[in-house]
Amino acid sequence: MRKQIILLLSLGLLGACASVGVKQIPAAARGHKRVDYFSAGQERVAFKVVAQLEDGYLSGVLRIKKIGAQDYDVLLMGDGAYKYLEAVVSPSGVAYKYIFKDADTSLARGRVNQFLRLLLADPGSFVSYRVKDGMEEITYKNQDAKTRLVYPQGASFPSQAVSSALLNSAEINYEQYTPYGTEGNLEIPHLLIYRDGNITLDLELISMK
């Protein structure tokens, strides 16, 4: 009997927590969408990348292949088929298959992780919603960072995503949205601008399959 009572109390508490979690999301925040290049059944996406780094420039192609419900194989290739990195992004983190020598430090890996997670990972649980200066801001939190999605008031898709981790902040600006798909209810940004300190990445969508 004692075990049954404890079990019932536990289930009741879990149910109460779930209800509170749903209720705290304002109705105004529920209609907003995230940028997802795979939401219409795509399996591969590619971007042309131009990176302005601290000590020069880098150019190449970023290929992303969906390999599971929330799992992605990422490959960054430079000129002459030079491989910069290959990794798998999943809910548990970023697992590297290869990373070029100059970036194989804990600091560099941390910044690459933040970029890949902001680009591909679920932002996590809802934290807050507010309207400021004509923009709607929805904040989420996962195991790595807080992510703030910024929407022009009344828009369905974000103009910006900001990641705030323990030691670093970064952002993606989404530009040049165009309709995609036969129903016309999906919009895809064709240009992404990623900023992390004095590093800037320009990503131009070149392929979706």
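The values are calculated or read from the model by the stated rules, or taken from the named source; none is laboratory data. Quick caveat, the model's predicted, so the values are computed rather than measured. Reconstructed Cβ throughout: ideal geometry from the backbone, glycine too, with neighbour counts over all protein chains shown. These accessible areas exclude ligands, DNA and RNA; they are computed on the full protein's heavy atoms, side chains included. Shrake-Rupley method; radii C 1.70, N 1.55, O 1.52, S 1.80 Å.
Just a yes or no: is a residue in the range 52-60 touching a residue at least 24 places away in the same chain (Cβ under 8 Å) and outside any strand (DSSP E or B)? Yes, there is a match, as at least one residue in the range 52-60 is touching a residue at least 24 places away in the same chain (Cβ under 8 Å) and outside any strand (DSSP E or B). Being surrounded by 17 or more Cβ atoms within 10 Å (Cβ to Cβ), more than 12 Å from the chain's Cα centre (by Cα) and without any contact (Cβ under 8 Å) to a residue 24 or more places away in the chain is the filter here, so list the residues in the range 133-163 that pass it. Answer for the range 133-163, where residues must be surrounded by 17 or more Cβ atoms within 10 Å (Cβ to Cβ), more than 12 Å from the chain's Cα centre (by Cα) and without any contact (Cβ under 8 Å) to a residue 24 or more places away in the chain: E137, T139, V150. Within the range 116-132, the residues that satisfy the criterion of being within 15 Å of the chain's Cα centre (by Cα) and either in a strand (DSSP E or B) or free of Cβ contacts under 8 Å to residues at least 40 places away in the same chain (or both) are G124, S125, F126.
The set of residues in the range 136-168 being in contact with a helix residue (DSSP H, G or I) (Cβ under 9 Å, 6 or more places away or on another chain), small (G, A, S) and assigned to a strand (DSSP E or B) consists of A161, S163. Checked against the criterion of being at pLDDT below 85 and either assigned to a helix (DSSP H, G or I) or open to solvent by less than 50 Å² (accessible area, probe 1.4 Å) (or both), the candidates V49, V45, V20 yield just one match: V20.
Taking the criterion of being surrounded by fewer than 15 Cβ atoms within 10 Å (Cβ to Cβ) and not acidic (D, E), the only residue of the range 114-126 that qualifies is S125.
The single condition from (1) in contact (Cβ under 8 Å) with a residue 12 or more places away in the chain; (2) more than 12 Å from the chain's Cα centre (by Cα); (3) more than 18 Å from G31 (Cβ to Cβ) that A170 fails is (2). Of the residues making up the range 57-103, those that are modelled with pLDDT of 95 or more, more than 18 Å from M208 (Cβ to Cβ) and of a type in the set (F, W, Y) are Y96, Y98. Looking across the range 57-106, the residues that are of a type in the set (D, E, K, R) and surrounded by 14 or more Cβ atoms within 10 Å (Cβ to Cβ) come down to R63, K65, K66, D71, D73, K83, E86.
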